[in-house]
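Asks: Take this structure, written in structure tokens, and hold onto it; I'll ask about it next.
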Amino acid sequence: MTEYQVDVLVAGAGPVGLLAAWQLTRRGVSVRLIDAASGPATTSRALATHARSLEIYDQLGMLGDIAPHGTRVNGFIRHQGDHATRANYDFGDLITRFPYMFNIDQVITERVLRGHAAAAGIEVEWNTRLESFQQDAEGVTVMLRSGGQGAESQTVRARYLWGCDGGHSTVRKLLQLPLKGESAATWLTADAIVHTELERDAIQSLSSPSGALMMFPFPDPGKWRLLDTSGEGELEQPEQIARQFSAKLSQALGRDVTVDTPTWTAKFTIQQRAVPAMHVGRCFVSGDAAHVHSPAGGQGLNTGIQDAYNLAWKLAMVIHGQADAGLLDSYDAERVPVGQALLASTGATNSAVGGNAPRDAQNSDRRFIRQLIWNASGLSIAYQDSPLTVPDDEPGKGPRPGQRLTQISAADAQSPGWTVLRGLLRTSAWHLLMFTGSAQPTDQDQIGTDMRPLPAWLDKVTISRQQLDADDHGVWDSDGRVQDTLAANDGDWILVRPDGYLSARGTGDISFLATLDRLTSLHV
């Protein structure tokens with residue numbers, strides 16, 4: 001059976017599925033997006049958005065849509081008795097335009113993503129449940145059931161199936177992918193107005209006799225996300241939960257604190273689990289469908305967004321015949337290790353928050369906090385071992401193959417050259433950045449493009465210190481900030497993937513053509 005109704009069926013219309021469907025559609029791939037729920041979620045869930053996710057939102061052109069609805073978190077304050085230690089967000093040598101955490105309700109993030117998806121022609125099919133599927137060498141046959149009472153079933157033939165359907169993923173279960181790991185303690189969370197003078201630009205970590213407490217600021221005046229690692233409290237009694245938090249916070253801070261009746265409460269058992277593979281034949285899993293872990297570091301939504309951003313462009317290239325299906329193997333190669341590493345970092349955070357941190361962490365608050373911030377940012381994620389990365393023979397300054405291209409400060413990002421380049425990077429192509437000191441590239445700068453046409457999936461961008469002609473496709477780097485921050489000289493080139501990571505860099509036509517041949521042999 002080779003007749004397809006759709007290229008990709010995406011199961012799950014949370015933030016990961018919405019981003020996946022939107023990015024596939026803007027790359028010319030036909031998509032159906034289904035969700036078993038009756039409609040969009042209205043209760044608060046994920047709150048933290050970290051630096052790497054903000055970089056992705058900027059590259060997608062949606063950062064301006066979420067910025068007015070969140071609050072910037074600049075530090076982490078750890079209270080111990082009458083002593084408080086504050087560490088401001090500092091990523092060390094991991095330079096970014098977003099040196100902070102951004103708190104925004106997941107409901108709003110999903111609303112923004114739904115808006116972009118709708119503008120691209122995607123309508124979420126609510127009340128539609130994936131019941132079963134069978135895959136073969138040419139596609140996936142999926143059985144769906146829509147509606148409530150008297151639900152109707154339908155069969156859909158898709159080229160690929162993408163499971164973004166959360167921690168209880170049906171796609172993952174039917175693929176028989178084991179979610180390996182362990183369960184930990186049960187925690188209580190609540191969203192409520194708290195009458196306190198605590199600094200609202202920081203996460204607050206406190207201790208009580210029954211367990212640790214954490215407070216995460218909302219943009220709403222006085223509103224906080226509260227977390228109690230003891231798990232005490234009955235969800236059916238929100239007024240009692242308010243009194244409980246009031247008493248514990250008052251004791252921890254040594255002064256009266258009043259917590260209003262929560263607008264939302266939940267209990268959850270912390271799971272530290274991940275799948276050994278995120279890709280089986282023509283089926284994929286992303287986000288919580290592939291890895292679940294402690295929420296203490298605020299990693300869930302962020303990692304899922306990065307999963308979707310990693311796979312969407314690869315799947316589109318394969319569907320359009322621009323790459324062999326072997327390209328999809330790089331999804332596992334790049335993202336499975338990220339999920340495994342995430343378990344280690346969130347496990348350490350979980351122990352520290354729960355009061356079980358090693359002695360040296362308890363006695364070195366600033367070091368512990370900085371490590372937590374560094375891990376959560378996502379900026380250190382790199383793909384040096386990916387088959388799509390051509391390693392440097394002579395590592396030097398600037399971003400290296402496998403790393404993020406935009407390792408720049410907010411000031412550099414606003415320079416004339418970077419402003420134009422960041423706009424060009426929003427297209428869905430690979431980008432070949434060519435550096436020259438003149439408006440007209442030299443023979444060396446042409447890097448063989450006259451003798452061999454570039455592939456259709458590759459966009460060549462000339463970056464020149466001299467003003468370009470109006471019809472030239474490139475960047476006038478008038479103050480040299482682009483060339484300086486990328487540590488590029490005249491005649492150098494940098495090959496950038498659609499998700500903003502470097503695949504390779506070098507000098508002159510010989511090295512570029514060798515790189516292009518290597519990538520082509522690896523199904524790109």
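Asks: Is it the case that the range 48-60 has a residue that's surrounded by fewer than 20 Cβ atoms within 10 Å (Cβ to Cβ) and within 30 Å of Leu249 (Cα to Cα)?
Replies: no
Asks: Which of the residues that make up the range 124-146 are at pLDDT below 95 and under 27 Å from the mean Cα position of the chain (by Cα)?
Replies: none
Asks: Next up: Among the residues of the range 229-247, are any closer than 25 Å to Asn88 by Cα and in contact with a strand residue (DSSP E or B) (Cβ under 7 Å, 6 or more places away or on another chain)? Step through it out loud before you land on a result.
Replies: Quick first cut of the range 229-247, residues closer than 25 Å to Asn88 by Cα only: 229.
Now narrow it down to the ones that are in contact with a strand residue (DSSP E or B) (Cβ under 7 Å, 6 or more places away or on another chain): 229.
Yes: the range 229-247 contains one or more residues that are closer than 25 Å to Asn88 by Cα and in contact with a strand residue (DSSP E or B) (Cβ under 7 Å, 6 or more places away or on another chain).
Asks: For Ala266, state whether it is modelled with pLDDT of 95 or more and farther than 21 Å from Gly75 by Cβ.
Replies: Values: modelled with pLDDT of 95 or more: no; farther than 21 Å from Gly75 by Cβ: yes.
In short, no.
Asks: To continue, here is another question. Can you say whether Ser503 is of a type outside the set (A, V, I, L, M, F, W, C), part of a strand (DSSP E or B) and more than 26 Å from Gln467 (Cα to Cα), as far as the supplied structure shows?
Replies: On the way: of a type outside the set (A, V, I, L, M, F, W, C): yes; part of a strand (DSSP E or B): yes; more than 26 Å from Gln467 (Cα to Cα): yes.
Judged against the criteria, Ser503 is a match.
Asks: Here are some conditions: (1) modelled with pLDDT of 95 or more; (2) surrounded by fewer than 21 Cβ atoms within 10 Å (Cβ to Cβ); (3) closer than 16 Å to Gly166 by Cβ. Val6 meets all but one. Which one does it not meet?
Replies: (3)
Asks: Give all pairs with beta carbons closer than 9 Å in which a residue from the range 492-508 that is of a type in the set (Asp, Glu) meets a residue that is assigned to a strand (DSSP E or B); count only pairs at least 6 apart in sequence or on separate chains.
Replies: Sorted first by the residue in the range 492-508, then by its partner, the pairs are Asp492/Leu433; Asp492/Met434; Asp492/Phe435; Asp492/Arg505; Asp492/Gly506; Asp492/Thr507.
Asks: What is the one condition in (1) in contact (Cβ under 8 Å) with a residue 40 or more places away in the chain; (2) outside the structural domain of Tyr331 (by TED's automatic domain parsing); (3) assigned to a loop (DSSP other than H, G, I, E, B) that Gly121 does not satisfy?
Replies: With (1) in contact (Cβ under 8 Å) with a residue 40 or more places away in the chain; (2) outside the structural domain of Tyr331 (by TED's automatic domain parsing); (3) assigned to a loop (DSSP other than H, G, I, E, B) applied to Gly121, the lone miss is (2).
Asks: From the residues in the range 67-102 that are in contact with a strand residue (DSSP E or B) (Cβ under 8 Å, 6 or more places away or on another chain) and β-branched (Val, Ile, Thr), which one is farthest from Leu206 (Cα to Cα)?
Replies: Thr71
For every residue, the table says whether it meets (1) surrounded by fewer than 20 Cβ atoms within 10 Å (Cβ to Cβ); (2) outside any helix (DSSP H, G or I); (3) under 29 Å from the mean Cα position of the chain (by Cα); (4) in contact (Cβ under 8 Å) with a residue 24 or more places away in the chain.
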residue	(1), (2), (3), (4)
Asp191	no, yes, yes, yes
Leu213	no, yes, yes, yes
Arg243	yes, no, no, no
Lys248	no, no, no, yes
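Asks: Can you name the condition, by its number, that Val336 falls short on among (1) under 28 Å from Glu55 (Cβ atoms); (2) among the β-branched types (Val, Ile, Thr); (3) surrounded by fewer than 16 Cβ atoms within 10 Å (Cβ to Cβ)?
Replies: It is condition (3) that Val336 fails.
Asks: Please determine, by comparing only the residues of the range 147-173 that are within 30 Å of the chain's Cα centre (by Cα) and part of a strand (DSSP E or B), which one is surrounded by the fewest Cβ atoms within 10 Å (Cβ to Cβ). Please lay out each step first, then the result.
Replies: Of the residues in the range 147-173, the ones within 30 Å of the chain's Cα centre (by Cα) are 156-173.
Checking which are part of a strand (DSSP E or B) leaves us with 156-163.
Numbers: Val156: 18, Arg157: 16, Ala158: 24, Arg159: 20, Tyr160: 25, Leu161: 26, Trp162: 30, Gly163: 30.
By that ranking, first place goes to Arg157.
Asks: So, one more: So how many residues does the range 493-524 have that are surrounded by fewer than 21 Cβ atoms within 10 Å (Cβ to Cβ), aliphatic (A, V, I, L, M) and in contact with a helix residue (DSSP H, G or I) (Cβ under 9 Å, 6 or more places away or on another chain)?
Replies: Number of matching residues: 1.
Asks: Counting only residues that are touching a residue at least 40 places away in the same chain (Cβ under 8 Å) and not in a loop (DSSP other than H, G, I, E, B), which one in the range 379-413 is surrounded by the most Cβ atoms within 10 Å (Cβ to Cβ)?
Replies: Looking only at the range 379-413, we keep the residues that are touching a residue at least 40 places away in the same chain (Cβ under 8 Å), and these are 379-383, 385-390, 392, 396-410, 412-413.
Next cut, not in a loop (DSSP other than H, G, I, E, B) only: 404, 410, 412-413.
Working: Arg404: 23, Ala410: 11, Asp412: 18, Ala413: 19.
Per the stated criteria, the residue is Arg404.
Asks: Checking the conditions here, which among Asp256, Asp228, Asp288 is free of Cβ contacts under 8 Å to residues at least 12 places away in the same chain and touching a helix residue (DSSP H, G or I) at 6+ places or on another chain (Cβ under 8 Å)?
Replies: On the way: Asp228 fails: free of Cβ contacts under 8 Å to residues at least 12 places away in the same chain; Asp288 fails: free of Cβ contacts under 8 Å to residues at least 12 places away in the same chain.
Step by step, each of Asp256, Asp228, Asp288 is checked, and only Asp256 is free of Cβ contacts under 8 Å to residues at least 12 places away in the same chain and touching a helix residue (DSSP H, G or I) at 6+ places or on another chain (Cβ under 8 Å).
Asks: Do any residues in the range 52-70 that are in contact (Cβ under 8 Å) with a residue 60 or more places away in the chain and within 12 Å of Val112 (Cα to Cα) have Cβ atoms under 6 Å from those of residues that are of a type outside the set (Lys, Arg) and part of a loop (DSSP other than H, G, I, E, B), where the two are at least six apart or on different chains, and which pairs are they?
Replies: His69/Ile104
Asks: Condition first: part of a loop (DSSP other than H, G, I, E, B), among the small types (Gly, Ala, Ser), in contact (Cβ under 8 Å) with a residue 40 or more places away in the chain and outside the structural domain of Gly167 (by TED's automatic domain parsing). Can you find one or more residues in the range 92-105 that meet it? Explain how you work it out, then say what you get.
Replies: Taking the range 92-105 and keeping what is part of a loop (DSSP other than H, G, I, E, B), we get 92-100, 104-105.
The next check asks that each one be among the small types (Gly, Ala, Ser); those that pass are 92.
Those left that are additionally in contact (Cβ under 8 Å) with a residue 40 or more places away in the chain: 92.
If we keep only those that are outside the structural domain of Gly167 (by TED's automatic domain parsing) too, we end up with 92.
Looking through the range 92-105, at least one residue is part of a loop (DSSP other than H, G, I, E, B), among the small types (Gly, Ala, Ser), in contact (Cβ under 8 Å) with a residue 40 or more places away in the chain and outside the structural domain of Gly167 (by TED's automatic domain parsing).
Asks: Condition test on Arg129, is it in contact with an Asp or Glu (Cβ under 8 Å, 6 or more places away or on another chain) and of a type in the set (D, E, K, R)?
Replies: No.
Asks: Mind counting the residues in the range 267-291 that are farther than 18 Å from Ile319 by Cα, charged (D, E, K, R) and outside any strand (DSSP E or B)?
Replies: 1
The values are calculated or read from the model by the stated rules, or taken from the named source; none is laboratory data. Being a predicted model, the structure only gives us computed values, none of them experimental. Glycine gets a Cβ as well: all are built from the backbone with ideal geometry, and neighbour counts include every protein chain shown.
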